[in-house]
1. Does segment 24-56 hold any residues that are surrounded by 17 or more Cβ atoms within 10 Å (Cβ to Cβ) and among the acidic types (Asp, Glu), and which are they?
2. Can you tell me how many residues in segment 82-102 are of a type outside the set (A, V, I, L, M), touching a Ser or Thr at 6+ places or on another chain (Cβ under 9 Å) and under 14 Å from residue 149 (Cα atoms)?
3. Among strands (runs of 3 or more DSSP E) lying entirely in segment 46-143, which contain 2 or more residues that are at pLDDT below 95 and over 16 Å from residue 165 (Cα atoms)?
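The values are calculated or read from the model by the stated rules, or taken from the named source; none is laboratory data. In this text the structure is predicted, and so the values were computed from the model without any measurement. Because the Cβ atoms are built from the backbone with ideal geometry, glycine has one as well, and the counts that use them run over all protein chains shown.
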Amino acid sequence: MVFLEVEIPWNVLVSPDQLSPKGLLLQKAIILRLLEDIANRKASKEHGYYAAVTALKSIGEGKVRELTGDVFFPVTFSCITQKPTKGEILIGSVDKILKHGVFLKSGPMESIFLSEKLMKDYKYVAGENPTFLNDKHSKLEKDTRVRFKVLGLKWLETDRQFQVLATLAGDFLGPI
C-alpha cells in the first residue's frame, strides 16, 4: 500500500470545560481532540486511511459558538496515510470463505473480495472448514496469508472505507 505524508486543514471543536487560560493545556486539548477526530473519521477518499498524525503545523484563532460555548480552532497538521491503488501487489490474510470467493483483510482494509473466477485454477471444497484448492495442492483456508493484486477499488462513504476487488492472475501471486 502506498504511504503518503499529507498536510490537512481541519477544524477542531473544543468544549468549554476543556478550555484553560494556560496555553499548554489548551494546546493539549486541541491535540487530543484532533487525534480523536482522526481516529473516528478513519479514512477519506482523497487521502486514504489515516495512519498517524506526525506534526501540528498551526493553530488558528478560536471562534466561539454562541449557543454552546464550544470553540472552533482551525488547525493544519501533517499526517501519514495509506491509500490502495489499482495494480498494486499486497499481502493479506483470508477472513471468510464463501462458495463464490474469499474475503481478505490487509492492513486497515477489511473488505477485499477475491472472486472464484479471479483465482487461477482454484476450486471450492465444501465442508466444516471450506477451502479453495488447486491442482498443485496449494490451499486457501481461513487465516492463510495471500499475495494478491488490486484489480479495482471503490470508496464507500457510509462505511468510510475502500472496497477492493482482488485477483491472483499474475506471477508470484497466491498463498505464501
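1. None; the set is empty.
2. Start the filter on segment 82-102 by keeping residues that are of a type outside the set (A, V, I, L, M), which leaves 82-88, 92-93, 95-96, 99-101.
Those still in the list that are touching a Ser or Thr at 6+ places or on another chain (Cβ under 9 Å) too: 84, 92-93, 100-101.
In the following step, the residues that additionally are under 14 Å from residue 149 (Cα atoms) were identified as 84, 92-93.
Selection size over segment 82-102: 3.
3. Working: elements: 48-59, 71-83, 89-98, 101-106, 109-115, 123-125, 131-133.
Of the strands (runs of 3 or more DSSP E) lying wholly inside segment 46-143, those with at least 2 residues that are at pLDDT below 95 and over 16 Å from residue 165 (Cα atoms) span 48-59, 71-83, 123-125, 131-133.
Table: residues versus (1) within 30 Å of residue 13 (Cβ to Cβ); (2) more than 19 Å from the chain's Cα centre (by Cα); (3) in contact (Cβ under 8 Å) with a residue 12 or more places away in the chain.
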| residue | (1), (2), (3) |
| --- | --- |
| 71 | yes, yes, yes |
| 81 | yes, no, yes |
| 97 | no, yes, yes |
| 118 | no, yes, yes |
| 122 | no, yes, yes |
| 143 | no, yes, yes |
